[in-house]
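What follows is a short report on a single structure.
The values are calculated or read from the model by the stated rules, or taken from the named source; none is laboratory data. Since this is a predicted model, take the numbers as computed values, not measurements. Ideal geometry is used to build each Cβ from the backbone, glycine not excepted, and the neighbour counts take in all protein chains shown. Areas reflect the complete protein model, heavy atoms only, side chains present, ligands, DNA and RNA absent. Shrake-Rupley method; radii C 1.70, N 1.55, O 1.52, S 1.80 Å.
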Amino acid sequence: MLMQGFAGFMWLLSMALIIFSGFALIDAATRREDAYRAADKQTKPFWLIILAIAFVVNLIFNILSFLPIIGLIATIVYMVDVRPALRGLPGGGRARRGGSSSDGPYGPYNGGR
């Protein structure tokens, strides 16, 4: 009975890690490339590769292995360091939807009015 409880807990922990790393991967994919440079962080492809590897490792390996722990550390670094820096930028570092060709970096150009 104790082993079943432990196995159930480890399964829940593994699912939480998969969801956490998946959320970080999706979040990194939806941020603009230039936002990473503006926040003085590593590039978007770098973080996408690291977080994708962490996600796949969490899917394949047991939580008691050291590889998911390394993936967890990379995901935590993204979530507590990179993500807040990207969110602190104007527009939250998100890809712009719509917009006008006259929009500048500080908003729409109004022709000097």
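Per residue, the accessible area of the stretch 7-86 comes to 55 Å², computed with a 1.4 Å probe over protein heavy atoms only. With a 1.4 Å probe and all protein chains left in place, how much of the accessible area of the stretch 7-86 comes from carbon and sulfur atoms, in whole percent? About 78 percent, which is the carbon plus sulfur part of the accessible surface. Only Cα pairs under 8 Å and 6+ residues apart enter the sum, and on that basis the relative contact order of the stretch 7-86 stands at 36 percent. Work through the residues other than residue 88 whose Cβ is under 15 Å from its Cβ and net out their charges, Lys, Arg +1 and Asp, Glu -1. Charge balance near residue 88 sits at +3. Were the residues from residue 15 through residue 94 laid out at 0.36 nm apart, the gain over their Cα-Cα distance would be 25.7 nm. For residue 94, the residues 5 or more places off, or on other chains, whose built amide H falls under 5 Å of its own are 32.
For the stretch 7-86, what class follows from the C-alpha gyration tensor (a ≥ b ≥ c being the square roots of its eigenvalues): rounded when a/c is under 1.5, otherwise prolate if a/b is larger than b/c, else oblate? Prolate, since a/c reaches 1.5 and a/b exceeds b/c.
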